[in-house]
Structure formats: structure tokens, C-alpha cells
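A short write-up of the structure that comes next.
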Amino acid sequence: MDGVSNLRAAGVVGPAAALSDEEVVARVLAGDLPLFEVLMRRHNQRLYRTARAIVRDDAEAEDVMQETYVRAYAALGQFEGRAQWATWLTRIAVNEALARVRARGRFVSREATEVMAKEPPLPARSEGPEAAASARELGALVEHAMDDLPDTYRAVFVLREVQELSTAETAACLDVSEELVKVRLHRARAELRRLMDARLGAATREVFDFHASRCDRVVAAVLERIAAGTPR
């Protein structure tokens, strides 16, 4: 669910929902504290995907989000508007997620969070139960492949391909050069394709598998018909 949908689902509509991030920040700083909810609901999905790309755990990604918002709120007066508020917020999330990864003993350099693998769009041809189940299975396959990407490739791809940020915005969020974003995005795509090919190859070998129980059933039925004198 995107930021607009989140706002509508929460009943946040009208003038407040139409304000820019920077306008909301100014209103919050002026004392309209409840408006901070607008900022959170707009950017929950981006922050979750960014944090999840780095910490590789759903629950910890939510913890990173909470800590990010608390820190952002406490430092709101320090936001100077040189970058977009969303970029400023994302950099806080990146730093928080990196700190957690380092704290659990897995070193990740500052550059290690700039790349992330593309999450292909799920098929939308049908909305029936079977199509929904297939979409979920495909989504799980993609997520697992993304988790297998090297740490140095995982974050750029969420920001560039899943969140569809520009190269410049991604570079600003991660505090790296645009050229580095381009290089690592290219490598992330290639590595994800390799991982997906390997996973799909293994899955393909299991397609239409004829399990022992089915074998027993067919054999028994044929033998029964033969014994009854009706082989056809």
C-alpha cells in the first residue's frame, strides 16, 4: 500500500493530506504535532523496504522504522531543507539499520547498503484464488532471492527499482555517488537474475512431479480393470 492509500485507509484526507512533506514539517514545528502521522503514513512503505533490505528481518525492520521516526521527530528542528524531507528521513533509517547490523557482529561498510535487487511486478491477469496463490508464491521466490544477494547489492535496488527513486535521490539517501549507484544497480540486477534462474530451475524440475501415491493409484486402477477384463 502506497503513502496515499495509507492516508486514505487511516481517514487522513482533506487539506492535511494535500500538504507537501516540508509544509507538514513546518506545521508540526509550529505546534500541530498530530500532523506527524501524515509523514509516517506517507513513508512507511519506503522505510520498511529500505530497512528490510539491510537487516533482512521483518520484525527488526519495523523496529528500525519506529526508531527512525522517533529520532526524526526529536531532530525535526535540525531539518534545513537542503534535501527533500523523505531523503533526510531515509538516511536516518539507513544509518539505524546499519548500526543494528554492525551491532550483531556482521560488518557492513557504509557503501554496503547502496544496492538492492529488483522486485518484479507480480502478474495481474486474474484475481482468482489460484492467481493470487501463484502471485504469493512468486513474491516469496523473489524475496528469498533478494535476501541471498550480497550485502553490497541489496539497498540500492529497493530504492531504485521497488520505490522507483531516481539515481540522484538514491545517491542522496545513501550518501554515495550517482556513479556508484549505477554500477551497483547493474550488478544487483545481474546477480538477481542469476539467483532467480537457479531457483526457477530447481522449481521447474519439480513441475508435474508424479508422486508415489499417484503412481500407486494409477497402477491399482489399471490392474483392477485388467483383472475385470476391461483393459480399455
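In this structure segment 27-67 gives 48 Å² per residue of accessible area when probed at 1.4 Å with all protein chains present.
Peptide packing: for 164-177, 78-91, the average count of neighbouring Cβ atoms within 10 Å per residue gives the ranking 164-177, 78-91, highest mean first. Label zone (Ala30, point 7 Å along Cα-to-C-beta; backbone nitrogen cut-off 14 Å) within segment 49-93: none. Surface composition of segment 20-80: carbon plus sulfur atoms contribute 47% of the solvent-accessible area (1.4 Å probe, protein chains only, all chains present).
Between Glu23 and Glu143, what FRET efficiency follows from the Cβ-Cβ distance if R0 is 30 Å, with the result rounded to 0.05? Working shown, then result.
Working: r = 35 Å, r/R0 = 1.18.
With R0 = 30 Å, the Cβ-Cβ based efficiency is 0.25.
Protection proxy ranking of 53-59, 32-38, by the mean of other Cβ atoms within 10 Å over each peptide's residues and highest first, is 53-59, 32-38.
The values are calculated or read from the model by the stated rules, or taken from the named source; none is laboratory data. Keep in mind that this is a model prediction, so the values were computed, not measured. Methodologically, a virtual Cβ is constructed for each residue, glycine included, from the backbone with ideal geometry; neighbour enumeration extends over all protein chains shown. To get the accessible areas, we keep the full protein, side chains included, count just its heavy atoms, and leave off ligands, DNA and RNA. Shrake-Rupley method; radii C 1.70, N 1.55, O 1.52, S 1.80 Å.
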